[in-house]
Amino acid sequence: TPLARRVLGFTCADGQGQGRGAGECGPGECAARRLDHRSCMEQIAATPSSITLSHCEAVSATELRGALSVALVKAHESGLAWLRLLRLAFFPLSCGVQHTAHAIAPYAKRAATAFAQQPRDVLLLEAALVLAIACAIWLRRLLRRKRYCARLREWGAARFYRPVAERYARLAGAVRQRSRLVARLLPHGLYAVGCLAAARLLEAVRLAPMLRPVWPHAATLLLTPVPWVRTLLTLRSDGQEDRALQRSWLMFWVLWASAQLLSEALALLPFAARLLPAQALSLDSPSAAPVLFCAAAWLHLPHSGLPL
């Protein structure tokens, strides 16, 4: 390079200083320096530090200032380009948000006006309901943190559940020694007796007419949506107990579908309507709703009655 030629004080034979590797001399350099070939190569190999030092001393503050200004300008242009790209990328999203806000604004204004025009008692009742929900959430977290529910459950199990379970186990064992079929039907019979006692109690306190419209909806909820969710949850798991539950829920769906088909088939028969009333043939009748609700509740209780 020209700088190397100035530092070393000689010129190459070709006049350009090119075509030479590191530690090598070009044609005519040995004669120009009046040295033999080996001494010329040793002097050239020892000069790179001098070349580098002279080149560093030649850099001025003006060149550094110019390079810094160019770097800042390029960085500014790059930032503007990235901002433009982000704007173009998020422009459809912002338009969608604006259109959605303009579409919802009239309904939100109407809802706010209707909410503000409510009577004072209704507003106080709604505020009390929100406060009660917040307190319930706080109380639930407190009970979980202090383990009050777990302690109460342990106390109830030790005081009531375990003695009753032991007595029931002794009763079931005594019945099983005489008849296994009766032993298997014993929990179902006790549950049926409890349901009849609850029905009599509701009639005595005059709550049966109030609950009559609720039974069909509650039975439908316990016989279709809740089993559907529980079936999906059991299908996602893989285990010995989970497989037994999967088999049980599949049996439930088969039995429930068979009962629905049998009810519709009996309703289509001409002589069935003469032998039995129409309410007894249909599962959607108001009289069958309490029975279906009790049967559905029995399936969802934490016991082994589902496989039966």
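Quick one: pull the percent of accessible area on segment 150-277 belonging to carbon and sulfur, 1.4 Å probe, ligands and nucleic acids left out. Within segment 150-277, the accessible surface is 66 percent carbon and sulfur. Distance between the pseudo-spin-label points of A244 and L211 (7 Å out from Cα toward the beta carbon): 3.2 nm. Using the Cβ-Cβ distance between L221 and E154 with R0 = 30 Å, the FRET efficiency computed as 1/(1 + (r/R0)^6) comes to roughly 0.40.
Per residue, how many Å² of accessible area does segment 158-284 show with a 1.4 Å probe?
Working: 10210 Å² over 127 residues.
For segment 158-284, the per-residue accessible area is 80 Å².
The values are calculated or read from the model by the stated rules, or taken from the named source; none is laboratory data. Nothing here was measured: the structure is a model prediction, and the numbers come from that model. Because the Cβ atoms are built from the backbone with ideal geometry, glycine has one as well, and the counts that use them run over all protein chains shown. What goes into the accessible areas is simple: the full protein's heavy atoms, side chains included, and nothing from ligands, DNA or RNA. Shrake-Rupley method; radii C 1.70, N 1.55, O 1.52, S 1.80 Å.
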